[in-house]
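No lab work stands behind these numbers, since they all come straight from the coordinates. What you are looking at is a predicted structure, and each value in this text was computed from that prediction instead of being measured. Positions of Cβ are backbone-derived with ideal geometry, glycine not excepted, and every protein chain shown enters the neighbour counts.
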Ligand code: ADP
């Protein structure tokens with residue numbers, strides 16, 4: 001691994017401003033999904049390690065919450081600059097542990113940094129209110145205060161951005177932060193900690209624990225000292241963590257699974273829709289929660305759309321993320337390969353036709369051929385289950401009402417996309433979609449400026465934007481009488 005700054009490869013956890021081993025001394029290996037090679041060993045932490053980190057984050061909170069928003073902003077701005085200065089190294093680390101093409105990894109580092117910049121600025125605007133009074137000798141004030149110690153549990157598909165999207169608003173609000181990154185991708189998290197330390201984030205304010213998910217998760221959800229959990233991951237684990245948080249009635253932000261529809265109407269700009277489709281489906285090799293899961297295409301444009309999509313998909317360059325020009329890296333693990341294969345086999349058994357791809361890639365390991373399926377029906381598993389891989393199933397519909405009914409026939413409600421050039425239809429469909437985010441003639445919608453999040457089984461709360469700061473603030477009402 002050729003990092004410009006070798007100190008960004010950390011093999012210890014980061015607790016209370018110190019690089020720390022597990023109390024047991026045990027470690028586990030971080031592997032490169034493209035080669036199977038061992039990249040590093042990191043601490044295998046368990047309950048006692050997490051309890052210690054939470055105690056120290058709680059002590060740090062009493063100091064950190066007293067700093068001014070401007071002081072916190074200065075530290076966050078330095079962190080932002082350091083992340084950008086080290087973007088090449090952070091991107092390489094990410095590609096090695098996660099598999100995404102280097103250009104995408106660099107894009108994620110810049111996206112991750114954008115949250116730090118945004119919340120450095122936004123933290124200064126956590127205004128309170130003076131509310132018109134109900135008694136002439138009393139005044140009503142509403143202030144906003146940091147929630148307290150925040151725990152975060154983050155996924156492997158965006159090893160940096162899913163951390164900064166939570167940590168930056170938490171720190172800007174005056175909270176302290178204990179994060180357990182995914183066991184597949186702890187190195188990006190630890191590199192962020194190294195840069196946070198260089199930026200002057202005080203000891204105990206930003207902590208990274210590596211180790212056993214269940215053991216660490218039980219403390220982060222069960223401890224009364226942790227006042228909020230922010231989780232990004234699967235709906236199943238999200239529900240479990242939500243239940244575990246019930247005992248201590250924690251604040252919750254949950255960013256869970258999706259089943260994004262991508263609707264193409266007859267009146268769409270076909271080329272634009274195909275560009276959007278490729279970006280929305282094949283980004284990160286289909287492994288994002290806002291990736292399109294189902295293409296819903298109107299009768300009149302169906303055949304041309306399938307043909308255009310298959311043509312583009314068959315040209316995708318598949319390979320190791322560190323190779324020049326590669327657009328599709330390996331999947332994260334064998335379970336991911338099994339899931340996409342299962343969705344294809346199930347669909348084909350029920351009458352779908354493979355237009356391109358359809359099987360594991362000749363490169364072996366966890367590479368899979370980017371795939372397009374047509375003649376889909378709603379009884380196929382992929383209609384209701386998230387694939388999280390490079391599979392584009394194309395369903396057919398007749399009219400707007402049917403498109404909306406199909407799009408909303410899911411327990412999920414994260415992102416949806418549609419393409420149309422009819423203004424009235426754009427309003428009707430945007431309003432009819434039961435989703436937290438809607439891309440209208442756009443296939444990629446994530447930005448730190450807009451509230452990211454879902455409804456229904458896709459989660460609670462929003463990340464980024466002004467709303468993203470609210471998640472880390474409590475409001476306090478004060479009635480001052482006897483005036
Ligand atoms: P995925 O299926 O994409 O891997 P998961 O929901 O399993 O998504 O993982 C997201 C995060 O949740 C990871 O950091 C993982 O370690 C963590 N996680 C998984 N199971 C548990 C658990 N029982 N308790 C706490 N954290 C968990």
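Take the Cβ-Cβ distance between residue 379 and residue 243 as r, set R0 to 30 Å, and report the resulting FRET efficiency rounded to the nearest 0.05.
Details: r = 31 Å, r/R0 = 1.04.
Efficiency, rounded to the nearest 0.05: 0.45.
With contacts taken as Cα pairs under 8 Å at a separation of at least 6 residues, the chain carries a relative contact order of 18 percent. As I understand it, the value is the acute angle between the Cα axis of helix 87-98 and the longest principal axis of the Cα atoms of the chain; what does it come to in degrees, rounded to 10? Relative to the chain, helix 87-98 is tipped by roughly 60 degrees. The range 160-186 and the range 73-150 have Cα centres separated by 10 Å. The distance between label points at residue 342 and residue 398 comes to 3.4 nm (points 7 Å beyond Cα on the Cα→Cβ vector).
Going by neighbour counts of Cβ atoms within 10 Å, the residues 229, 31 line up, fewest first, as 31, 229.
Length gained on full extension, residue 38 to residue 335: 105.0 nm, using 0.36 nm per residue less the C-alpha separation.
Taking Cα atoms, how many degrees apart are the long axis of helix 334-349 and the longest axis of the chain, rounded to 10 and kept between 0 and 90? The answer is roughly 40 degrees.
For the pair residue 363 and residue 466, a Förster radius of 35 Å applied to the C-beta separation gives a FRET efficiency near 0.20, rounded to the nearest 0.05. Among beta bridges identified by DSSP and lying wholly in the range 148-294, the antiparallel ones come to about 0 percent.
Compared with the dominant principal axis of the Cα atoms in the chain, helix 102-122 is inclined by about 40°. Between the beta carbons of residue 353 and residue 5, assuming R0 = 60 Å, the FRET efficiency works out to 0.75 to the nearest 0.05.
Segment residue 19..residue 421, full-extension length gain: 139.2 nm, with 0.36 nm per residue of separation and the alpha-carbon distance subtracted.
Mind sorting 376, 1, 94 by how few other Cβ atoms lie within 10 Å of their own Cβ, fewest first? Each step should come with its number before you reach the end.
Values: 376 22, 1 14, 94 27.
Least crowded to most crowded, the residues run 1, 376, 94.
Can you sort 166, 476 by how many other beta carbons sit within 10 Å, fewest first?
Details: 166 29, 476 11.
Ascending Cβ contact count within 10 Å gives the list 476, 166.
Each part reduced to its alpha carbon centroid, the range 419-483 and the range 213-243 end up 23 Å apart. Were the residues from residue 455 through residue 133 laid out at 0.36 nm apart, the gain over their Cα-Cα distance would be 112.4 nm. Please list, by residue number, everything in the range 433-477 whose backbone N is under 11 Å from a paramagnetic label point 7 Å out along Cα→Cβ of residue 142. 475-477, by backbone N distance to the label point.
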